[in-house]
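Participant: Handing you this structure, nothing more for now.
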Amino acid sequence: MGNLMTFVVRLIERLSGLTGLIIAWLVFPLIIASCYEVFSRYILNAPTIWAFELGYMAMGTHALIGAAYTLRDRGHIRIDILYAHFSDRSKALIDTVGYVVLFLPVVSWVTLGLWEYWVEAFIAGDRSGQSAWNPIIWPFRLAFFIGFALLWIQGIAELIKCIRFLTGRTKEWNSGNG
């Protein structure tokens, strides 16, 4: 059972790493689109109708899909005035309670809500309504759902790591991934 849990954690962490790496590249089209918009607006005096919406959608997708990668690498903000001074066992116990009581229930609820949010947009053919471009919005809402689903899966991996440490199946408390 221990080897299976190790395999599951590594598989989830590889998924988080791969999606984080892939989504990191989304910054480059965002930069190109932003530079083109500035050039077009101020040099050619012909602003685009799509740059604003493309920008917030790309940045939102970048942040949401990257959340699982950030959790894997312990990059989320943590107020650790007290936490940093606890023993590894206490840290694992605090994290376990946090994942079970707060993180997983909330992320589960949000993920399910985002699934419904996506389905409604897909069925209705909703459009953004934010600009003259007015693109369909369901791909962006699908990115919301995928981002939170990946975050939930990584949360499961983090919980497994906590439990494995607390039960003595691993000797070292992870301060990073793996």
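The values are calculated or read from the model by the stated rules, or taken from the named source; none is laboratory data. The structure presented is a predicted model; accordingly, all values stated were derived computationally and were not measured. Glycine gets a Cβ as well: all are built from the backbone with ideal geometry, and neighbour counts include every protein chain shown. Just the protein is used for accessible areas: all its heavy atoms, side chains included, with ligands, DNA and RNA removed. Shrake-Rupley method; radii C 1.70, N 1.55, O 1.52, S 1.80 Å.
Participant: Using +1 on the beta carbon of Lys and Arg, -1 on that of Asp and Glu, and nothing else charged, what's the dipole of the chain about the Cα centre, debye to 20?
Facilitator: Numbers: 14 positive and 12 negative charges, 113 e Å.
My answer is approximately 540 debye.
Participant: Let me ask something else about it. Give me the Kirkwood hydrodynamic radius of region 76-149 in Å, from all C-alpha pairs, to one decimal place?
Facilitator: 15.0
Participant: Could you compute how much accessible surface ILE136 exposes when probed at 1.4 Å, giving the result in Å² to the nearest 10?
Facilitator: The value for ILE136 is about 70 Å².
Participant: Moving on. How high is the relative contact order of region 90-159, given as a whole-number percent (alpha carbon pairs under 8 Å, six or more residues apart)?
Facilitator: Value for region 90-159: 39 percent.
Participant: Can you give me the convex hull volume of the Cα atoms of region 47-178, divided per residue and expressed in Å³?
Facilitator: Spelled out: Cα convex hull of region 47-178, divided by residues, is 117 Å³.
Participant: Moving on. Summing -39500 (n - 2.57) over the DSSP H runs of n ≥ 4 in the chain and dividing by its residue number, what mean residue ellipticity at 222 nm do you reach, to the nearest 500 deg cm²/dmol?
Facilitator: One gets -23500 deg cm²/dmol as the mean residue ellipticity at 222 nm.
Participant: Would you mind working out the magnitude of the charge dipole of region 1-82 relative to its Cα centre, with +1 at each Lys and Arg C-beta and -1 at each Asp and Glu C-beta, to the nearest 20 Debye? Can you show the working numbers first?
Facilitator: Working: 6 positive and 5 negative charges, 44 e Å.
The calculation lands at about 220 debye.
Participant: According to a simple spin-label model (label point 7 Å from Cα along Cα-to-Cβ), what is the distance in nm between ALA24 and ASP80?
Facilitator: 2.0
Participant: Which percent of the accessible area of the chain is formed by carbon and sulfur heavy atoms (probe 1.4 angstrom)?
Facilitator: Carbon and sulfur: 70 percent of the exposed surface of the chain.
Participant: At most 11 other Cβ atoms within 10 Å and a DSSP loop assignment: could you name the trypsin sites (Lys or Arg not before Pro) in region 70-150 that fit?
Facilitator: ARG78
Participant: Please state, as a whole number in µm²/s, the translational diffusion coefficient that the Stokes-Einstein equation yields for region 106-156 at 20 °C and 1.002 mPa s, with Rh defined as the Kirkwood radius across alpha carbon pairs. Kindly include the intermediate steps, with their values, before the conclusion.
Facilitator: Values: Rh = 11.4 Å.
It diffuses with D of about 188 µm²/s by this estimate.
Participant: Based on the mean of other Cβ atoms within 10 Å per residue, sort peptides 58-67, 154-163 so the most packed one is first. Each step should come with its number before you reach the end.
Facilitator: On the way: 58-67: 18.7, 154-163: 20.8.
Top of the packing list down: 154-163, 58-67.
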